[in-house]
Amino acid sequence: MLRTLYGRLAVLLMTVFIAIGAMMILASQKMVETHRLLELATDLIIGTVVFSLVAALIVFRFLTVRLRMLSESIEAFRASGFTTPVPLELPGNLDDEICRLSAAFQEMSERIAMQLRQLEDVDRQRRELLANVSHDLRTPLASMQGYLETLLIKSEELSSEERNRYLQVAVKHCERLGKLVQDLFELTKLEAHEVSPHIEVFPIAELAQDVVQKFALKAQKRRLALVTTCEPDCPPVRADIGMIERVLENLIENAMRYTPEGGEIGVEVRRAGTRVELRVRDTGRGIDGEELHNIFDRYYRVDRAEFGATGNAGLGLAITRRIVELHGGDIQVQSTPGLGTTFIVDFAVA
Ligand SMILES: Nc1ncnc2c1ncn2[C@@H]1O[C@H](COP(=O)(O)OP(=O)(O)O)[C@@H](O)[C@H]1O
Ligand SMILES: [Mg+2]
């Protein structure tokens, strides 16, 4: 009973009434002994009224001070646009309803502020994504339109080589557009949890060798050494083959793109405790320490102008990270500017 505020008030009032009752009994005894009936009765009434008033005022103040503090804190939270919870230190440090109410309010306001921040973050990301997407769609579209219009208008004056070249450029921009839309579509599906990995047990070393093979000709053309190192007794992994192929392709493609002629790209698969580690390393331009945290963000490119020249929108690593996360794995990057970069992905052993 003493744990609630009302319980404590009831006990307090009970004590007051018992005290008044005892005083009345004593007073009536004296009243009989001394015959000062009227005087004592008046004293008693005045005393009781004063005592009740003081007790009521103390209880009232005790209640209202803390309620006022709570309501001021709520008001301040509202005035801050529900963004900054106002810390509330109630006097008395009691464990009653008002204290519990303020604790609940504090927790609620912190949660509201956190969710508001998250909503603002999502909104900002959405706006940025929209701006980036429209910019990246417009660039190849405008080029394509330009070349095709020129072909239409000047078709009589152009030589067949020129016509061919114009068409080739238009096709290249068309391919870029196709790749961008495909990447966007894939990332959106991955982020919306619309795809789930089709888990199989397979030897990742063999897959790595197959994917590297696909890049062999391109590496040769660009005079890049492409080396695969697989531990012979590397255990199989449990993963979605298609998705892991995509991860490998993204990492090798990047390594090749950012490594100058004469460089080396290594793909390594080895056991690391209960995990299998896949490493893609290059001797390319490397990534600055400040950029390292951002490269997995969608649409992040160290050099924003790259899209115009290469058609790479900065979605590859975002897709890669999402796929690795879907497999309960982890992706890390180590890089030294000017010396090279290594991406390390780890998977559970089957
Ligand atoms: N191996 C690498 N060496 C140097 N920079 C890299 C490497 N891989 C990725 N990056 C940087 O990270 C950015 C994001 O990569 P990614 O998401 O694959 O986008 P994209 O390849 O479309 O540019 C790239 O623009 C590039 O600046
Ligand atoms: Mg890429």
Quick count over region 250-281, residues being farther than 16 Å from Ile331 by Cα, under 30 Å from the mean Cα position of the chain (by Cα) and within 16 Å of ligand 2 (Cβ to nearest atom), is 3
For region 227-246, which residues satisfy the criterion of being more than 16 Å from Glu200 (Cα to Cα) and aliphatic (A, V, I, L, M)?
Val227
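Residue-wise test of (1) without any contact (Cβ under 8 Å) to a residue 12 or more places away in the chain; (2) closer than 17 Å to Thr229 by Cβ; (3) touching a strand residue (DSSP E or B) at 6+ places or on another chain (Cβ under 6 Å); (4) surrounded by fewer than 21 Cβ atoms within 10 Å (Cβ to Cβ).
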{"position": "Ala255", "(1), (2), (3), (4)": "no, yes, yes, no"}
{"position": "Pro260", "(1), (2), (3), (4)": "no, no, no, yes"}
{"position": "Val280", "(1), (2), (3), (4)": "no, yes, yes, no"}
{"position": "Val324", "(1), (2), (3), (4)": "no, no, yes, no"}
{"position": "Asp330", "(1), (2), (3), (4)": "no, no, yes, yes"}
If we take region 196-241, then strands (runs of 3 or more DSSP E) inside it with 1 or more residues that are closer than 28 Å to Pro260 by Cα are 225-230
Could you tell me whether region 110-119 includes any residue that is without any contact (Cβ under 8 Å) to a residue 60 or more places away in the chain and within 23 Å of Asp303 (Cβ to Cβ)?
no
Taking the condition of being free of Cβ contacts under 8 Å to residues at least 24 places away in the same chain and over 19 Å from the mean Cα position of the chain (by Cα), how many residues in region 332-350 meet it?
1
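Bear in mind that the values in this text are calculations on the coordinates, not laboratory data. Quantities reported herein were computed from a predicted structural model and do not represent experimental measurements. So basically every Cβ, Gly included, is an ideal-geometry build from the backbone, and we count neighbours across all protein chains shown.
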